[in-house]
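Only one structure is covered here, and it is reproduced in the block below.
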Amino acid sequence: MALLNILNFPDPRLRTKAKQVVDFNDNIIKLTDNMFATMYAAPGIGLAATQVNVHQRIITIDTSEEKNQPLVVINPIIVEKEGEQAIDEGCLSLPGIYEPVKRFDKIRLKAQDKHGEFYELDADGLLSVCIQHEMDHLEGKLFVDYLSEMKRNRIRKKLAKALKV
Ligand code: GNR
Ligand code: NI
């Protein structure tokens, strides 16, 4: 296993739209293993392949306390959604930045696992938010895109300054 390099905002590669996975081969297994290692080490509760510069629709998630419930989400589609919630979100591509974002409260997800098997999953709370946050990454979208231009500029400056020290 290997730790992968995580791209940081405002890297333009974070804006790439990821492609559907069609061939479920050993490279997908290896990539998800490395994504979990990278995510747990960070530490983070989710990681999109986009963040490690792989532009395929692959997400790893583990929102459990014990970090023992790894979830692979490939080619995800939200098939049902209801309500609204907003919690402070963070992102491994924007270290140290936390802002509330409005999301669907409950979702039903249709996705494939690392072997290509289809499954459905009902999610609410943090898991629901995390899935929506990661699916945005696959579209080249970041949670700061929901904030005002002024706030985003302030964040850009803060991150640039943090890089200099
Ligand atoms: O580790 C993470 N925590 C988090 C907290 C609230 C909402 C979303 C997240 S996802 C984030 C990891 C990450 O950047 N995933 O893309
Ligand atoms: Ni993120």
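The values are calculated or read from the model by the stated rules, or taken from the named source; none is laboratory data. Just so we're clear, the structure is a prediction, and the values are computed from it rather than from any experiment. Cβ sites come from the backbone with ideal geometry, for glycine too, and all protein chains shown count toward neighbours. Quick note on the areas: whole protein, heavy atoms, side chains included, nothing else; ligands and nucleic acids left out. Shrake-Rupley method; radii C 1.70, N 1.55, O 1.52, S 1.80 Å.
Using a cut-off of 21 Å between alpha-carbon atoms, which lysines can reach LYS157, once sequence neighbours fewer than 8 places away in the same chain are excluded?
Correct list for LYS157: LYS141.
Is the stretch 1-122 best put as rounded, prolate or oblate by its Cα gyration tensor, with a ≥ b ≥ c the root eigenvalues, rounded for a/c under 1.5, and otherwise prolate when a/b is larger than b/c, oblate when not?
Here the stretch 1-122 falls in the rounded category.
When ligands, DNA and RNA are left out and all protein chains stay put, how many square angstrom of accessible area per residue does the chain have with a 1.4 Å probe?
I get 56 Å² per residue for this part.
Taking the Cβ of ASP105 as the center, what net charge do the other residues with Cβ under 13 Å away carry, scoring Lys and Arg +1 and Asp and Glu -1?
0
Summarise the accessible area of the stretch 120-165 (1.4 Å probe, protein heavy atoms) by the percent that is carbon and sulfur.
57 percent
What order do you get for 45-53, 120-128, 143-151 when each peptide is scored by the mean count of other beta carbon atoms within 10 Å, highest first?
Going by the mean number of other Cβ atoms within 10 Å, highest first, we get 45-53, 120-128, 143-151.
Report, ordered by chain and residue number, the lysines lying within cross-link reach of LYS67, taken as a straight Cα distance under 24 Å and ignoring same-chain residues fewer than 8 apart.
Counting by Cα, and skipping residues close in sequence, LYS67 has these lysines nearby: LYS30, LYS106, LYS110, LYS114.
Residues with amide H under 5 Å of ASP105's amide H, sequence separation 5 or more or different chain, H placed in the peptide plane at 1.01 Å from N; which?
It is GLU82, GLY83, GLU84, GLN85, by chain and number.
Which residue fluctuates the most in the chain, going by a Gaussian network model with Cα springs under 10 Å, if the choices are GLN69, GLN112, GLN56?
GLN69
Could you list the residues of the stretch 62-79 with an amide nitrogen less than 18 Å from a label point located 7 Å from the Cα of HIS115 in the Cα-to-C-beta direction?
70-75, by backbone N distance to the label point.
When a/c reaches 1.5 or more, the comparison of a/b and b/c decides; with that in mind, is the stretch 98-165 rounded, prolate or oblate per its Cα gyration tensor?
The shape class here is prolate.
How much length is gained on full extension from ASP122 to ASN8, taking 0.36 nm per residue of separation minus their Cα-Cα distance?
38.0 nm
For the stretch 4-75, which whole percent of the accessible surface, found with a 1.4 angstrom probe, sits on carbon and sulfur atoms?
The nonpolar share, carbon plus sulfur, comes to 50 percent.
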